[in-house]
Amino acid sequence: MDNILFSLEDILGTSKKTSSDERLFHCPFCYHHKPKLSINFGKRSGYWKCWVCDASGKKVFSLIRRFGDQSQLNQWIKLDKTIKIDDFDQQILDLFSNKKKKKISLDLPSDYLFLGRKDLPNNAYAPLKYLKERGITRDQINKYKIGYCGHGEYESRIIIPSFDEEGDCNYFIARSYYSESYKYKNPPIAKTQMIFNELLIDFKKPVTIVEGVFDALRAGYNSVPLLGSTLSKKSLLRKRIVENNSEVFLALDADAKKKQTRIVENLLKDNIRVRVVDTSGYQDIAEMPQSVYDQRKRSAEYISSDFFLITQKLKGNLNEVRTHRRYSYQKSKIPQGVSGSFGTALQDA
């Protein structure tokens, strides 16, 4: 017990004893000036709850996993012989392991020309016109080193390079500025093993996650494109977010609700604070006027883990009711477990 308490205090700070089964720590979520985070060491050993911000959990290990470093994680596992590491926790530990992975390095196309140059050839007019129509500014061209290819394998394509944390190219987007049938021709690099423009991302500050590169350009500072609509548990981006306990703004396309829900659930399991930006009414962030995006991001609220899961459950029940009501003369079928006034409300929906 003493060793376990010492390990906890090494991570959360000194504690206050209230009973033989409980200790109070300062909460690392709300930073209240008084110790309000209760951790139980009795019959409900492992349960923890902050009496100010309502952060809670059933395993102390979830706190260690979030706020401890790798050595503290390993020390805790050795001390707490009763702990059972499930598959999810093992994946977290694997993410924090010090195993070095092969560095991804990539050369830009040999025909790439930086569009910020002053001595551009005549065929640069078309890509510059395309970028202007998409709301891309000269400053963005210079900041993100946006270029194009007028010849070769990537002819008639905008090139937006990505740089890793050491400044080396690890990916690039090749987007056609003529054809809509074959928009992208990107290098065969695993997207889970790199972070697009990691060089420009500060994970100590709120990170905005979007789908595409043009969405990221609209979202602006500290925005990362998924280059899709999923955030794999094995992805390097997720690893960086968990390592740094980054706050996340999630702004996926309006047609990716199910995938967005899955991402939110996984981030909440990681104890990551999440806010979802409303993207309804637009095909994607890139088509949204800057003023509209800025306002919606400012109004995005934090998602409560319990509230989110309950809301998704109720939405699922509501959808289930509606799928059974195909004709007006059919009586609605209430899903099992739904009754009372809520059941009545569903019938009237």
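The values are calculated or read from the model by the stated rules, or taken from the named source; none is laboratory data. Keep in mind that what you see is a predicted model, and the values were worked out from it rather than measured. Every residue, glycine as well, gets a Cβ built from its backbone with ideal geometry; the counts of neighbours run over all protein chains shown. These accessible areas exclude ligands, DNA and RNA; they are computed on the full protein's heavy atoms, side chains included. Shrake-Rupley method; radii C 1.70, N 1.55, O 1.52, S 1.80 Å.
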Which of the residues belonging to the stretch 231-243 are over 15 Å from TYR171 (Cα atoms) and either touching an Asp or Glu at 6+ places or on another chain (Cβ under 9 Å) or crowded, with 22+ Cβ neighbours inside 10 Å (or both)? LEU231, LYS234, ARG238, ARG240, ILE241, VAL242
Collect the residues in the stretch 173-204 that are buried (at least 20 other Cβ atoms within 10 Å of the Cβ) and touching a residue at least 60 places away in the same chain (Cβ under 8 Å), keeping them in residue-number order. ALA174, MET194
Whether any residue in the stretch 215-230 is in contact with a Ser or Thr (Cβ under 7 Å, 6 or more places away or on another chain), open to solvent by 20 Å² or more (accessible area, probe 1.4 Å) and at pLDDT below 95 is what I want to check. no
Matching residues in the stretch 40-88 - criterion: being at pLDDT below 75, within 20 Å of SER19 (Cα to Cα) and open to solvent by 40 Å² or more (accessible area, probe 1.4 Å): LYS43, ARG44, SER45
What pairs can you find where one residue is in the stretch 269-292 and modelled with pLDDT under 90, the other is part of a helix (DSSP H, G or I) and of a type in the set (Ser, Thr, Tyr), and their Cβ atoms are less than 7 Å apart, with a gap of 6+ or different chains? ASN271/SER62
Within the stretch 272-289, the residues that are open to solvent by 30 Å² or more (accessible area, probe 1.4 Å) and either within 30 Å of CYS50 (Cβ to Cβ) or in a strand (DSSP E or B) (or both) are ARG273, ARG275, VAL276, ASP278
Which condition number does VAL207 fail, the rest of (1) in contact (Cβ under 8 Å) with a residue 40 or more places away in the chain; (2) more than 24 Å from ASN271 (Cβ to Cβ) being met? (2)
Step by step: first the residues of the stretch 150-172, then only those that are buried (at least 22 other Cβ atoms within 10 Å of the Cβ) and touching a residue at least 40 places away in the same chain (Cβ under 8 Å), then the one that is farthest from ILE195 (Cα to Cα). Which residue is that? TYR154
